Amino acid sequence: LSSQQATLNDLFPINTCKPTPTTVLKGVPEVDLSHPDAKTLIVNACIEFGFFKAVNHHVPLELMTNLENETLKFFKQTQLEKEKAGPPDPFGYGSKSIGTNGDIGWVEYLLLNTNPDVISPKSLHLLHQNPNKFRCAVEEYILAVKEVCCEVLELMADGLGIEERNVFSRLVRDERSDSCLRVNHYTACGEVEALSGGGNLIGFGEHTDPQIISVLRSNNTSGLQICLRDGVSWVSIPPDHTSFFITVGDSLQVMTNGGLKSVKHRVLTDTNMSRLSMIYFGGPPLNEKLAPLPSILMSKKEQSLYKEFTWREYKNAAYKSRLAYNRLSLFEKK
Ligand code: GA4
């Protein structure tokens, strides 16, 4: 009998498969966008974490839940139906595979370009398949979230003491801006999957976002984690479906000459609840030169830490790399 028990325990080593304990970040930096000190709070949070929660942003909750519901309708279709809007090239529907270099996550997603001039055949198919309500929800949401993105970028310029307060936001407002919207659907992984994986499954592996900043909104399911500045500690961010979470991307790190560093983040799936997040990635036009702002170099009496390159070159390098790769290292001056 005892040998039989040993076999069972070997097969189902329940005690040893407790999900790894996660630390919840207690003092998530929170910025009321209408507060007179918002600009300073934003810059401080971005220096310390590369991340903050934006509240009092004036985007109606209904607009967020509308897009949430419309995309959930899309995700509820059969796999065959959904795959008609894929594979993501890079826009369209994707499942489990992220990028084209072998990264896998417990996630399905829609990637959409926010620039109407460059609608790919895949997104066209998607819009035709789910006309009107879906299209309206996407367009309405993009307009609102783009405003939040630009407002944050202008406050950031103020906080950094840059006279030209639209130095960052003009790139996102530019009609050639290469911004995009992503909706990620992480279905609950269930106890069995979680246990066999030794804890929560990786929904989206660790990475930094290549763009300027990203503006994330999710339903009330946890999962998002950021890596602290020590480079090794991961902390969970409690969800808040009424707020936006802002992350610093690689392009902002370059423009501030490393003053504001991009933040490594990842998503773990919940065992019981499905997570839906929508992220707006504020990016510059493809032919825009990415370089430290002269005013920052002058005021800090610094030399540029980076070689000269365009957003197109950076994006191409990013898309050729694995998710977790430190892409900026390719562009640092040695
Ligand atoms: C990370 C940020 C955005 O989600 C994204 C991602 C892109 C993709 O899913 O196609 C990338 C990833 C992201 C960076 C490295 C490359 C490209 C997957 C990948 C392995 C849309 C983006 O712009 O870069």
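Some points to look at:
- Among the residues here, Ala318 qualifies as under 18 Å from the mean Cα position of the chain (by Cα) and either buried (at least 17 other Cβ atoms within 10 Å of the Cβ) or within 24 Å of Leu155 (Cβ to Cβ) (or both).
- Counted residues, the stretch 56-113 - those being within 16 Å of the ligand (Cβ to nearest atom) and in a helix (DSSP H, G or I): 1
- Residue match in the stretch 70-83 (condition: aliphatic (A, V, I, L, M) and touching a Phe, Trp or Tyr at 6+ places or on another chain (Cβ under 8 Å)): no
- Selection over the stretch 75-103 of residues that are of a type in the set (A, V, I, L, M, F, W, C), modelled with pLDDT of 95 or more and more than 23 Å from Gly249 (Cβ to Cβ) gives a count of 2.
- Residues that are in contact with a strand residue (DSSP E or B) (Cβ under 8 Å, 6 or more places away or on another chain) and either within 12 Å of the ligand (Cβ to nearest atom) or assigned to a strand (DSSP E or B) (or both), drawn from the stretch 294-324: Tyr306, Phe309, Thr310, Trp311, Tyr314, Arg322, Leu323, Ala324
- Qualifying residue in the stretch 268-276 (condition: modelled with pLDDT under 95 and buried (at least 22 other Cβ atoms within 10 Å of the Cβ)): yes
- Qualifying positions in the stretch 53-75 - more than 22 Å from Ile237 (Cα to Cα) and under 18 Å from the mean Cα position of the chain (by Cα): Leu67, Thr71
- Annotation note: of Val167, Val183, the sole residue that is within 15 Å of the ligand (Cβ to nearest atom), at pLDDT 95 or above and in contact with a helix residue (DSSP H, G or I) (Cβ under 6 Å, 6 or more places away or on another chain) is Val183.
- All positions within the stretch 325-334 that are in a helix (DSSP H, G or I), of a type outside the set (S, T, N, Q) and either away from the ligand (no atom under 16 Å from the Cβ) or surrounded by fewer than 14 Cβ atoms within 10 Å (Cβ to Cβ) (or both): none
- Applying the set (1) at pLDDT below 95; (2) over 16 Å from Phe244 (Cα atoms); (3) surrounded by 12 or more Cβ atoms within 10 Å (Cβ to Cβ) to Ile47 leaves exactly one unmet item: (1).
- Cβ pairs under 6 Å, 6+ apart, first in the stretch 317-334 and within 15 Å of Pro90 (Cβ to Cβ), second more than 8 Å from the ligand (Cβ to nearest atom): Ala317/Leu330; Leu323/Gly205
- Summed over the stretch 189-221, the residues that are at pLDDT 95 or above and outside any strand (DSSP E or B) give a count of 8.
- The C-beta contact set for the stretch 80-105 (first residue farther than 18 Å from Asn316 by Cα, second residue of a type in the set (Asp, Glu) and part of a strand (DSSP E or B), distance under 8 angstrom, 6+ apart or interchain) comprises Lys82/Glu108; Tyr93/Glu108; Gly94/Glu108; Ser95/Glu108; Lys96/Glu108; Ser97/Asp103.
- Odd one out for Ser222, checked against (1) under 29 Å from Asn44 (Cα atoms); (2) touching a Lys or Arg at 6+ places or on another chain (Cβ under 8 Å); (3) within 16 Å of the ligand (Cβ to nearest atom): (3)
- Which numbered condition Tyr325 fails, given (1) out of contact with any helix residue (DSSP H, G or I) (no Cβ under 6 Å at 6 or more places or on another chain); (2) under 23 Å from Lys39 (Cβ atoms): (2)
The values are calculated or read from the model by the stated rules, or taken from the named source; none is laboratory data. Predicted model only: the values in this text are computed from it and were never measured. Note that each Cβ is placed from the backbone with ideal geometry, even for glycine, and that neighbours are counted across all protein chains shown.
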